[in-house]
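Asker: Okay, handing you the structure first.
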Amino acid sequence: MGVTGTSAAPTLRPAAEPGRARPAVEIAHLRKTYGPLVAVDDVSFSVAEGEIFGVLGPNGAGKTTTVECAIGLRQADAGSIRLLGLDPRTDRDRIREIVGVQLQASAMPARLRVGEILDMYRSFYRDPADVGELTKALGLAGKRGAYYKSLSGGQKQRLSVALALIGRPKIAVLDEMTTGLDPAARRDAWDLIAGIRDRGVTILLVTHFMEEAERLCDRVALIDGGRVVALDSPAGLAARSSGGKTVRFLPSAPFDERLLAGLPEVNRVDREGRHVLVTGTGELVNAVILTLHAAGVTARDVQLDSSNLEDAFVRLTGKQPADNTEGALS
Amino acid sequence: MNSLTMASARSLALPAKGRRAAFGQIVLNEARLSWRRPIGLIGGVALPLLLLIIFGLIPAFKQAPAAFGGETVFDAYVPILAAFGLAMLGMLGLPLPLVSYRELGVLRRLSTTPVPPSWVLAAQGVVQALIAVATVVVIFAVSTAAFGAPAPKSPAGLVLSVAVSMAGLFAIGLLIAAVAKTSTAANVIGRLTFFPLMFFAGLWLPRAEMPSVLLDISNYTPLGAAVQAMQSSMQTGFPPAAPLLVLVAYAVVFCSLARRLFAWE
């Protein structure tokens with residue numbers, strides 16, 4: 001997927017200027033240690049209302065700890081956290097009402113039925129969502145009478161998301177919600193998240209799937225070693241951190257490489273067997289082909305590679321995103 | 001119960017009516033679960049009732065040995081089997097679901113909602129207590145109606161004895177739930193505690209036949225004290241203070257330990 005991957009829904013992207021409105025989530029210099037282990041070193045970011053914000057990073061980067069501190073499940077050692085102006089340390093009761101949470105690895109008793117679980121969680125909130133509507137939206141309408149243990153992995157995940165949404169939260173925190181889902185179920189989950197946001201819910205999405213972040217997130221914070229190493233839109237991050245684009249072609253005749261290296265769009269020129277690799281920015285392809293044409297050379301077998309979020313991830317963290325192949329759409 | 005005070009320690013934005021409805025929903029689901037996975041019902045209700053019926057049909061149990069102070073062997077077993085049911089429910093029925101909820105992440109999940117996870121603990125206590133009351137009622141009713149056991153001399157004393165017995169045994173169950181890391185561990189601890197305590201309750205050797213050293217020990221064990229209190233309510237009248245105080249002490253000490261040690265995740 002290229003740089004243009006996230007431009008599919010440009011109208012949905014809210015202005016991400018902090019300070020314009022009260023941010024939904026505001027985290028400043030968060031720090032959390034477990035004994036000698038520094039889980040979160042220094043994390044700061046701010047999420048606008050109605051935004052889908054991705055918290056991205058390799059395993060053990062501190063993503064989950066960051067959101068668990070944000071929702072008050074863990075006590076931060078230092079730093080400040082505000083959710084719609086509320087401090088999880090002092091206003092945790094209020095936060096529990098306005099924040100819906102989907103946790104990693106949390107199950108339900110095997111012998112409760114889906115409807116019984118939903119009815120119970122529904123009773124915890126003052127103005128809950130309609131169970132019928134919610135189960136329909138999540139594709140669980142026919143499963144209300146089913147025991148939890150009989151659900152597939154995807155259905156359990158969707159129930160977990162349903163429980164996160166049943167209190168009509170203003171902020172939904174979803175931690176690795178598509179992990180363990182097959183590609184089709186994952187796509188459904190993405191549509192669902194986009195739908196939730198369209199209802200005005202701010203979404204904090206913890207993920208290690210690059211494609212998920214590219215598809216869904218307005219902005220992402222890339223966390224590594226307990227620190228934010230980059231904060232941008234997925235496309236911006238990809239473009240900013242990469243060397244730009246690469247054009248790969250087979251020249252019809254030998255030519256002087258300096259011809260291309262001298263162009264303003266070109267950063268570097270490499271040989272790869274008989275192929276030539278030109279790395280650069282802007283209207284790179286046009287510039288290369290026109291220059292070669294003027295020199296009487298034709299570029300054959302032209303390939304253009306745009307770097308994506310995954311390249312940015314690798315470049316910024318030096319690590320491969322986990323089970324990346326699993327995230328590929330088949 | 002201790003768990004109830006824990007539950008109400010946090011202010012909740014739900015109005016009182018909503019709070020009751022939410023707690024009712026949790027109790028309802030806990031009740032459904034104990035019905036659908038009836039380990040507690042089998043061990044805590046069916047098993048002691050079955051033993052009661054078998055003992056009632058053994059002719060030798062209709063004799064009244066001199067050491068038993070006028071009551072038959074069967075009569076002596078009635079409070080022992082009541083204690084059996086209470087111990088099963090308190091020491092296995094109560095902690096096992098709680099430990100599995102912690103393992104599954106149910107308690108952690110709940111702590112992100114407006115309802116505190118201690119409510120599940122309280123709901124489980126309510127459900128097990130209701131089953132325990134039913135067990136005791138059925139055992140005493142069957143023993144008098146079907147097998148001619150005499151009516152209790154002090155019904156009020158019996159109710160009080162059952163209440164403090166439940167408090168003491170449920171507190172032990174809560175401590176097991178607090179310290180056991182896995183369901184398997186809770187099961188093992190529960191059983192390893194249950195059988196020696198049942199010995200001191202007199203399941204294999206009724207208290208009337210115990211040598212004085214064993215009887216002295218039995219008086220200070222929770223099940224020994226429970227049987228002593230229930231037996232005197234049935235046979236002589238209002239129970240002496242000693243067994244009641246022993247049980248109250250167990251309830252207070254184990255509850256406060258459980259409260260201190262309970263891990264919610």
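Computed from the coordinates by the stated procedures, all read-outs in this text should not be read as laboratory data. Since this is a predicted model, take the numbers as computed values, not measurements. Methodologically, a virtual Cβ is constructed for each residue, glycine included, from the backbone with ideal geometry; neighbour enumeration extends over all protein chains shown.
Asker: Starting from one equal scatterer on each C-alpha and no solvent at all, send me the Debye-based log10 I(q)/I(0) for the range B:180-264 at q = 0.14 Å⁻¹, two decimals.
Answerer: For the range B:180-264, the Cα-only Debye profile gives -0.58.
Asker: Expressed in nm to one decimal, what extension gain is obtained for the pair B:SER212 and B:GLU265 from 0.36 nm per residue of sequence separation less their Cα-Cα distance?
Answerer: Values: separation 53, 0.36 × 53 = 19.08 nm, distance 4.52 nm.
Answer, rounded to one decimal: 14.6 nm.
Asker: Above 31 Å lies some portion of the pair distances; for the range A:18-234, what is it as a whole percent of all C-alpha pairs?
Answerer: Details: 4109 of 23436 pairs.
Cα-Cα pairs in the range A:18-234 separated by more than 31 Å: 18 percent.
Asker: Something else: How do B:125-136, B:167-178 rank on mean C-beta neighbours within 10 Å, highest first? Please report the intermediate quantities before stating the final value.
Answerer: Values: B:125-136: 21.8, B:167-178: 26.7.
Sorting B:125-136, B:167-178 by mean packing, highest first, produces B:167-178, B:125-136.
Asker: Using square roots of five times the C-alpha gyration tensor eigenvalues, list the equivalent-ellipsoid semi-axes of the range A:187-306 in whole Å, biggest first.
Answerer: On the way: eigenvalues 317, 48, 28 Å².
Each semi-axis is √(5λ); the values are 40, 15, 12 Å.
Asker: Rank the residues A:ARG82, A:ARG126 as a footprinting-exposure proxy: fewest other Cβ atoms within 10 Å of their Cβ go first.
Answerer: On the way: A:ARG82 19, A:ARG126 12.
Ascending Cβ contact count within 10 Å gives the list A:ARG126, A:ARG82.
Asker: Run lengths n ≥ 4 of DSSP H only: what is the helix-derived mean residue ellipticity at 222 nm for chain B, with -39500 (n - 2.57) per run over all residues, to the nearest 500?
Answerer: Values: 12 runs with 186 residues, N = 265.
That calculation yields -23000 deg cm²/dmol at 222 nm.
Asker: So which residue, out of A:PRO36, A:PRO183, A:PRO109, gets the largest mean-square fluctuation from a GNM of chain A using Cα contacts under 10 Å as springs?
Answerer: Among A:PRO36, A:PRO183, A:PRO109, the largest mean-square fluctuation in the Gaussian network model of chain A belongs to A:PRO36.
Asker: Could you state the principal axis extents of the C-alpha atoms in the range A:243-306, from the largest down, to the nearest angstrom?
Answerer: For the range A:243-306, the Cα spread along each principal axis is 27, 21, 16 Å.
Asker: Something else now. Under 10 °C and 1.306 mPa s, how fast does the range A:19-117 diffuse according to Stokes-Einstein, given a Kirkwood radius computed over C-alpha pairs? Answer in µm²/s, whole number. The partial results should precede the final answer.
Answerer: Numbers: Rh = 14.9 Å.
Value of D from the Cα-based Kirkwood radius: 107 µm²/s.
Asker: Oh, and also: Rg and Dmax in Å for the protein assembly as shown, alpha carbons only: what are they?
Answerer: Expressed in Å, the Cα Rg and Dmax of the protein assembly as shown come to 33.1, 123.
Asker: Could you name the lysines whose alpha carbon sits less than 24 Å from that of A:LYS319, not counting residues in the same chain fewer than 8 places away?
Answerer: A:LYS32, A:LYS63, A:LYS245
Asker: Quick one: 3J(HN,Hα) in Hz for the range A:162-177, Karplus 6.51/-1.76/1.60 with θ = phi - 60°, rounded, Gly and Pro as x.
Answerer: Ordered by residue, 3J(HN,Hα) equals 4, 5, 5, 9, 5, x, 6, x, 8, 10, 10, 10, 10, 9, 6, 5 Hz.
Asker: At a threshold of 8 angstrom on Cα-Cα distance, excluding pairs fewer than six apart, so keeping six or more, what relative contact order does the range A:243-306 reach in percent? Write down the numbers at each step before the final one.
Answerer: Numbers: 110 pairs, mean separation 31.4, N = 64.
Across the range A:243-306, relative contact order equals 49 percent.
Asker: While we're looking at this one, here's another question. With θ taken as phi - 60° and the coefficients 6.51, -1.76 and 1.60, list the Karplus ³J(HN,Hα) couplings across the range A:70-86 in order, rounded to whole Hz; mark glycine and proline as x.
Answerer: 4, 8, x, 6, 10, 8, 6, 7, 8, x, 10, 10, 9, 10, 6, x, 9
Asker: So which lysines pass the test for A:LYS143, namely a Cα distance under 25 Å, with those fewer than 8 places away in the same chain ruled out?
Answerer: Excluding near neighbours in sequence, the set is A:LYS156.
Asker: Related question: Within a 10 angstrom radius of the beta carbon, how do B:SER165, A:SER44, B:SER143, B:SER212 rank from fewest other beta carbons to most?
Answerer: On the way: B:SER165 30, A:SER44 15, B:SER143 24, B:SER212 7.
Final ranking by Cβ density, sparse to dense: B:SER212, A:SER44, B:SER143, B:SER165.
Asker: So what's the back-of-envelope 222 nm ellipticity for chain A, counting only DSSP H runs of four-plus at -39500 (n - 2.57) apiece and dividing by all residues, rounded to 500?
Answerer: Numbers: 11 runs with 99 residues, N = 330.
-8500 deg cm²/dmol, from helical runs alone.
Asker: Here's a follow-up. Taking only Cα atoms of chain B, what ratio of Rg to Rh do you get with Rh as the Kirkwood inverse-distance radius? Don't jump to the answer; show the numbers that get you there.
Answerer: Values: Rg = 19.0 Å, Rh = 18.9 Å.
Reported Rg/Rh (Cα atoms, Kirkwood Rh): 1.00.
Asker: Just tell me how shielded B:106-119 is by partners: mean number of partner chain Cβ atoms within 10 Å of each residue's Cβ, no decimals.
Answerer: Values: counts 5, 1, 6, 10, 5, 7, 16, 13, 10, 6, 2, 0, 0, 1.
Going residue by residue through B:106-119 and averaging, the value is 6.
Asker: Around A:ALA230, which amide H atoms from residues at least 5 apart in sequence, or from another chain, sit under 5 Å from its own amide H, with H modelled in the peptide plane?
Answerer: Sorted by chain and number, the residues that satisfy this are A:LEU222.
Asker: Would you grab the residues whose amide H sits under 5 Å from the one on A:ALA24? Only those 5+ places off in sequence or on another chain, please, with H modelled 1.01 Å from N.
Answerer: A:VAL47, A:ALA48, A:GLU49
Asker: Report ³J(HN,Hα) in whole Hz for each residue of the range B:220-226, in order, from the Karplus equation J = 6.51 cos²θ - 1.76 cosθ + 1.60 where θ = phi - 60°; Gly and Pro get x.
Answerer: These are the phi-based 3J(HN,Hα) values: 9, 8, x, 6, x, 5, 4 Hz.
Asker: Assuming R0 = 51 Å, what is the FRET efficiency of A:ASP127 and A:ASP77, from their Cβ-Cβ distance, to the nearest 0.05? It would help to have the intermediate numbers written out before the result.
Answerer: Values: r = 35 Å, r/R0 = 0.68.
E(calc), rounded to 0.05, equals 0.90.
Asker: Report the one residue of A:LEU204, A:GLN155, A:ILE166 whose Cα lies farthest in the direction of the positive end of the charge dipole of the range A:119-220 (charges on C-beta: Lys and Arg +1, Asp and Glu -1; origin at the Cα centre).
Answerer: A:ILE166
Asker: Once the mean 1/r over all distinct Cα pairs of the range B:129-251 is inverted, what Kirkwood radius in angstroms do you read off? Numbers along the way, then the final one.
Answerer: Details: mean 1/r = 0.0658 Å⁻¹.
About 15.2 Å for the range B:129-251.
Asker: Follow-up. When a footprinting reagent is the concern and you count Cβ atoms within 10 Å, what order do B:LEU257, B:LEU33 take, fewest first?
Answerer: Values: B:LEU257 16, B:LEU33 21.
Going from least to most buried by this count: B:LEU257, B:LEU33.
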